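Engineer: Please see the structure below; I have some questions.
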Amino acid sequence: RKEVEQDPGPFNVPEGATVAFNCTYSNSASQSFFWYRQDCRKEPKLLMSVYSSGNEDGRFTAQLNRASQYISLLIRDSKLSDSATYLCVVNVRYSSYKLIFGSGTRLLVRP
Amino acid sequence: GAVVSQHPSRVICKSGTSVKIECRSLDFQATTMFWYRQFPKQSLMLMATSNEGSKATYEQGVEKDKFLINHASLTLSTLTVTSAHPEDSSFYICSASLAGVNNEQFFGPGTRLTVL
């Protein structure tokens with residue numbers, strides 16, 4: 001079983017739509033949580049951290065449920081420029097901290 | 001934000017040759033650097049963690065004699081893929097972090113390696 005699991009998609013939505021991505025993680029020792037965005041053939045870029053209380057950054061809202069080991073990302077009013085792969089990432093402490101990446105959910109926003 | 005560069009951005013080589021990839025933190029001193037590999041449609045997989053001046057810690061299944069990592073200074077780490085083969089073709093990405101700053105990692109732009 002993968003440590004971080006995501007639906008690979010693709011999610012194909014029209015501009016202006018609201019779309020939600022889910023992610024589950026298996027290691028209860030996970031310390032911190034993130035959503036990254038990765039464009040084709042580029043490095044991942046931090047979109048936002050995820051906190052237990054939930055947090056919002058403009059059109060993006062992230063939620064964390066530690067009891068269920070579940071993370072979500074909601075994108076409102078989708079733009080064409082939101083088309084990318086969204087990576088769910090957890091920071092786990094083994095002998096040192098490591099980022100464990102999900103394989104990503106692909107989003108395609110159409111005109 | 002902190003800037004990390006990688007060189008080269010793309011390399012094509014013949015099977016059996018060695019390839020060196022450089023990762024530099026441009027505006028900060030990185031106590032720890034990480035090397036990842038990403039195959040098409042797969043997640044980033046951590047290969048190794050290196051701290052300046054000490055030996056790298058390799059993840060299970062990563063051959064340390066094949067993927068040589070040198071972290072000689074606080075701003076430079078190198079990954080050498082020795083005797084590269086077609087199955088080593090991948091996207092190699094480094095990241096750098098500052099100790100004590102919430103362990104945030106700053107990613108380089110990646111190096112796309114194609115072994116013919």
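The values are calculated or read from the model by the stated rules, or taken from the named source; none is laboratory data. Just so you know, these numbers come straight off a predicted model, no measurement behind them. Every residue, glycine among them, receives a Cβ derived from its backbone with ideal geometry; neighbour counts consider all protein chains shown. Accessible surface is based on the protein model in full, side chains and every heavy atom, while ligands, DNA and RNA are left aside. Shrake-Rupley method; radii C 1.70, N 1.55, O 1.52, S 1.80 Å.
Engineer: Pick from A:GLY9, A:GLY16: which is in contact (Cβ under 8 Å) with a residue 24 or more places away in the chain, within 30 Å of B:ARG10 (Cβ to Cβ) and part of a loop (DSSP other than H, G, I, E, B)?
Structural biologist: Result: A:GLY9 is the single residue among A:GLY9, A:GLY16 that is in contact (Cβ under 8 Å) with a residue 24 or more places away in the chain, within 30 Å of B:ARG10 (Cβ to Cβ) and part of a loop (DSSP other than H, G, I, E, B).
Engineer: Taking the criterion of being under 28 Å from B:ALA48 (Cα atoms) and more than 13 Å from chain B (Cβ to nearest Cβ), would at least one residue in segment A:80-103 satisfy it?
Structural biologist: Scanning segment A:80-103, I find at least one residue that is under 28 Å from B:ALA48 (Cα atoms) and more than 13 Å from chain B (Cβ to nearest Cβ), so the answer is yes.
Engineer: Same structure again: Find the residue count for segment A:69-105, including only residues that are under 25 Å from B:TRP35 (Cβ atoms), open to solvent by 40 Å² or more (accessible area, probe 1.4 Å) and not in a loop (DSSP other than H, G, I, E, B).
Structural biologist: The total comes to 2.
Engineer: Please enumerate the residues belonging to segment A:27-50 that are within 14 Å of chain B (Cβ to nearest Cβ) and open to solvent by 40 Å² or more (accessible area, probe 1.4 Å).
Structural biologist: Result: A:GLN31, A:ARG37, A:ASP39, A:CYS40, A:ARG41, A:LYS42, A:LYS45, A:LEU46, A:LEU47.
Engineer: In this structure, does A:ARG66 turn out to be of a type in the set (Lys, Arg) and surrounded by 15 or more Cβ atoms within 10 Å (Cβ to Cβ)?
Structural biologist: No.
Engineer: Could you please tell me which pairs satisfy a Cβ distance under 6 Å, a separation of 6+ or placement on different chains, a first residue in segment B:74-99 that is within 14 Å of chain A (Cβ to nearest Cβ) and farther than 18 Å from A:GLU43 by Cβ, and a second residue that is open to solvent by less than 10 Å² (accessible area, probe 1.4 Å) and in a strand (DSSP E or B)?
Structural biologist: That search, which allows pairs on different chains as well, returns nothing.
Residue-wise test of (1) at pLDDT 95 or above; (2) closer than 21 Å to A:PRO10 by Cβ.
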{"residue": "A:GLN31", "(1), (2)": "no, no"}
{"residue": "A:TRP35", "(1), (2)": "yes, yes"}
{"residue": "A:LYS42", "(1), (2)": "no, yes"}
{"residue": "A:SER49", "(1), (2)": "no, no"}
{"residue": "A:ALA62", "(1), (2)": "yes, yes"}
{"residue": "A:ALA67", "(1), (2)": "no, no"}
{"residue": "A:SER81", "(1), (2)": "yes, yes"}
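Engineer: Just wondering, is there one or more residues in segment B:23-34 that are hydrophobic (A, V, I, L, M, F, W, C), open to solvent by 80 Å² or more (accessible area, probe 1.4 Å) and either part of a loop (DSSP other than H, G, I, E, B) or more than 16 Å from B:ALA84 (Cβ to Cβ) (or both)?
Structural biologist: Yes, some residue in segment B:23-34 is hydrophobic (A, V, I, L, M, F, W, C), open to solvent by 80 Å² or more (accessible area, probe 1.4 Å) and either part of a loop (DSSP other than H, G, I, E, B) or more than 16 Å from B:ALA84 (Cβ to Cβ) (or both).
Engineer: Something else: Please go through segment B:78-92 and pick out each residue that is surrounded by 15 or more Cβ atoms within 10 Å (Cβ to Cβ) and in a loop (DSSP other than H, G, I, E, B).
Structural biologist: Scanning segment B:78-92 gives B:THR82, B:ALA84, B:SER89.
Engineer: Return yes or no: is B:LYS20 surrounded by 12 or more Cβ atoms within 10 Å (Cβ to Cβ), under 14 Å from B:ASP88 (Cα atoms) and either in contact (Cβ under 8 Å) with a residue 60 or more places away in the chain or within 11 Å of chain A (Cβ to nearest Cβ) (or both)?
Structural biologist: Yes, satisfied.
Engineer: Which pairs turn up if I take residues in segment B:42-64 that are farther than 17 Å from A:GLY102 by Cα and more than 12 Å from every other protein chain (Cβ to nearest Cβ) and look for partners that are open to solvent by 60 Å² or more (accessible area, probe 1.4 Å) and at pLDDT below 90 with beta carbon separation below 8 Å, at least 6 apart in sequence or on another chain?
Structural biologist: As it stands, the answer is B:GLU52/B:ALA72; B:GLY53/B:ALA72, since those pairs meet every condition given.
Engineer: A further question follows. Any residue at all in segment B:24-37 that is over 14 Å from the mean Cα position of the chain (by Cα) and among the small types (Gly, Ala, Ser)?
Structural biologist: Checking segment B:24-37: not a single residue is over 14 Å from the mean Cα position of the chain (by Cα) and among the small types (Gly, Ala, Ser).
Engineer: Could you please find all residues in segment B:35-77 being under 21 Å from A:TYR94 (Cβ atoms), open to solvent by less than 60 Å² (accessible area, probe 1.4 Å) and among the basic types (Lys, Arg)?
Structural biologist: B:ARG37
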